[in-house]
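The values are calculated or read from the model by the stated rules, or taken from the named source; none is laboratory data. Computed from a predicted model, the values in this text were never measured in an experiment. Neighbour counts run over all protein chains shown; Cβ positions are idealised from the backbone, glycine included.
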Amino acid sequence: MMTAADRRRLRRARMAALGLSPALGSADAPVPAVTVARTLGALQAQDHASGAWSLGVRSGLTAAQVEDAVRAREIVRTWPMRGTLHWVPAEDARWMCRLLAAPGGTALTTRYARLGLTPADVDRAGRLFEEHLHEPMSRPELIALLAAHGIDPAGQRAYHLVGHHCMTGLLCQGPLIGKQPSFVLIDAWVPHSLTPSHDEALATVAERYVRSHGPVTEKDLAGWIGKGLGLARQALALIDARLVREERGGVTWLTHVDAPTAPTGPDRPTCVHLLPQWDEFLLGYRSRDLTLPPEHRIAVVPGRNMVFKPTLVVDGEVAGIWRRELRGGRVLVQVTPFVRLTPKRSRDIETAATAYGRFVDQPVEVVRGGEI
């Protein structure tokens, strides 16, 4: 069995690798959003606001500054793997989609058939996008475009048509139009797309993942890229000379030789974080046993359906949940801890909440669970 000291050491190493303790940037010395995206390889972004906070909590940027990075065409939000939205460096979007997300397989064909989508519909939609999406177009405008050209967008047809062509590397999301995400041709929006070879691309994915998420297992990498163990092992073999392996609890843990060092001692940075609903801290791993105690799983994922609640994280372990509500020009942050908090930990939560308030440019008030 792994000792409590081993688990704590592995958790702290992960927090350093994930750019959280210490953070990659701060309000006083922010780092570009593209630096965060490149460092982590990709960041979960199913929900736009949650994904933006994943960048903000690591970079020191505000939500407006994250959107500035999108408008500057430095980062994009797209479907590079697992059929899930992520932030990625703009220059990596095309090759990551083609390497890991190119749609296909029996399940997808069956899904399209159930929706009444034919291969001809998919091809025709792609041609329409190529013709019209040289400037960002909102989701309602895209739906209207499909309908105007005889493609029924009802149900989830429009979603799947757009998603299909994002996964092929034809489209990506552009800046917000109002509160709506926009879509645009990668070729028209991204100033420069990298074109690594297959092995170069695999090695880049594996190296960024292990360096920014480690300690990890080979199963964690396979789960992150949404592929089988065979491809994960092939990718890891390409960077084998830069991996450090250790056996703990009957598991082989992988760390990159250049992984950041977790700070120790009384002067190490705050270890209390308010992390967003979908964050690499939990979603970046096949197994969450190291960071999410089993007795708290149902509270964090009540539907057991991959819909996570935002988490209070203390010293690399989930110690509660939180939510926020905008009310009267301020943000109420409701924190529900699972453990008894010391006065210092409570002050650290106030500090973390203040950082979130700065991110959304609203004054913040922390309330206890049940008080909103």
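Would you confirm whether any residue within region 103-111 is closer than 30 Å to D199 by Cβ, touching a residue at least 60 places away in the same chain (Cβ under 8 Å) and surrounded by fewer than 22 Cβ atoms within 10 Å (Cβ to Cβ)? Within region 103-111, one or more residues are closer than 30 Å to D199 by Cβ, touching a residue at least 60 places away in the same chain (Cβ under 8 Å) and surrounded by fewer than 22 Cβ atoms within 10 Å (Cβ to Cβ). Across region 290-329, the number of residues qualifying as surrounded by 14 or more Cβ atoms within 10 Å (Cβ to Cβ) and either part of a strand (DSSP E or B) or not small (G, A, S) (or both) comes to 24.
Listed conditions (1) farther than 24 Å from D279 by Cβ; (2) surrounded by fewer than 18 Cβ atoms within 10 Å (Cβ to Cβ); (3) modelled with pLDDT under 95 are all met by T168, apart from (2). Number of residues in region 112-131 that are under 29 Å from the mean Cα position of the chain (by Cα), buried (at least 16 other Cβ atoms within 10 Å of the Cβ) and within 24 Å of I177 (Cβ to Cβ): the value is 3.
Restricting attention to region 41-54 and to residues that are touching a strand residue (DSSP E or B) at 6+ places or on another chain (Cβ under 9 Å) and either in a helix (DSSP H, G or I) or among the aromatic types (F, W, Y) (or both), the residue that is surrounded by the fewest Cβ atoms within 10 Å (Cβ to Cβ) turns out to be S50.
The set of residues in region 195-221 that are farther than 16 Å from R233 by Cα, in a helix (DSSP H, G or I) and among the hydroxyl-bearing types (S, T, Y) contains only S212.
Within the set V88, V57, the sole residue that is under 28 Å from E135 (Cβ atoms), β-branched (V, I, T) and not in a loop (DSSP other than H, G, I, E, B) turns out to be V88.
For region 26-40, a residue qualifies if it is under 24 Å from T291 (Cβ atoms) and surrounded by 21 or more Cβ atoms within 10 Å (Cβ to Cβ), and the qualifying residues are V36, A37, L40. So which residues in region 222-264 are part of a helix (DSSP H, G or I) and without any contact (Cβ under 8 Å) to a residue 24 or more places away in the chain, if there are any at all? Once the filter is applied, which keeps residues that are part of a helix (DSSP H, G or I) and without any contact (Cβ under 8 Å) to a residue 24 or more places away in the chain, region 222-264 yields L229, G230, R233, A237, D240, A241. Annotation note: of D47, D68, the sole residue that is under 13 Å from the mean Cα position of the chain (by Cα), acidic (D, E) and within 28 Å of L100 (Cα to Cα) is D47.
Residues checked against (1) at pLDDT 95 or above; (2) within 22 Å of W95 (Cβ to Cβ):
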site	(1), (2)
A201	yes, yes
R208	yes, yes
G214	yes, no
L231	yes, yes
A235	yes, yes
L238	yes, yes
G249	no, no
L254	yes, no
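Hey, among the residues in region 22-37 that are of a type outside the set (V, I, T) and under 24 Å from G163 (Cβ atoms), which one's farthest from the chain's Cα centre (by Cα)? Checking each candidate, the answer is A33.
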